[in-house]
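Working notes for the structure below.
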């Protein structure tokens, strides 16, 4: 079996679940038991970083910046995840690839607010989860297209451009895709 750890998944136009329309998901873990990932292109419009700090009972510094908070997926939406560059390590950091590590403690949020966090990061609430064999079946049904992750795709590009960029990395023109699929 080919595991997709460290890859991104592009939601195809035929995706049956509207929650994932034009989503890009970074696969954090993929084993025989299932998979877990984070949507990397869906900012939560009405949740600011300062509001998140307040919810965590942390005092926001005057210049803590305005990093967006993403909707990481529909599973466990009150749980926070920080996908970040490997230059930061904490007690609960899982090193995944040369591009990304994952930390799930509030320590990293505090460090980000104080300017001591990782160089590049995404803050997400919730995640995407698949049971054993579910992701493989969805790929066979043309719901997802795997693509190599890149720093641009994860951290740099504006969120609204990530889906089209991921497709273009595969040599696919997004305007030529159709939700209809044929049978040969």
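Being in a strand (DSSP E or B), crowded, with 16+ Cβ neighbours inside 10 Å and touching a residue at least 40 places away in the same chain (Cβ under 8 Å) is the requirement here; does residue 125 meet it?
In short, yes.
Evaluate segment 141-151: report whether one residue or more is in a strand (DSSP E or B), buried (at least 18 other Cβ atoms within 10 Å of the Cβ) and at positive phi.
no
To keep it simple, each residue is scored yes or no on (1) closer than 21 Å to residue 13 by Cα; (2) in contact with a strand residue (DSSP E or B) (Cβ under 9 Å, 6 or more places away or on another chain).
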site	(1), (2)
90	no, yes
97	no, no
107	no, no
129	yes, yes
171	yes, no
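Check whether at least one residue in segment 78-87 is touching a residue at least 24 places away in the same chain (Cβ under 8 Å), assigned to a loop (DSSP other than H, G, I, E, B) and surrounded by fewer than 16 Cβ atoms within 10 Å (Cβ to Cβ), and report yes or no.
For segment 78-87, residues touching a residue at least 24 places away in the same chain (Cβ under 8 Å), assigned to a loop (DSSP other than H, G, I, E, B) and surrounded by fewer than 16 Cβ atoms within 10 Å (Cβ to Cβ): present.
Suppose the filter is surrounded by fewer than 18 Cβ atoms within 10 Å (Cβ to Cβ), in contact with a strand residue (DSSP E or B) (Cβ under 9 Å, 6 or more places away or on another chain) and not in a strand (DSSP E or B); does residue 5 pass it?
yes
Read the figures in this text as sums done on the coordinates, not as results from a lab. None of these values were measured; they are calculated from a predicted model. Using ideal geometry, Cβ is built from the backbone for each residue, glycine included, and neighbour counts are taken over all protein chains shown.
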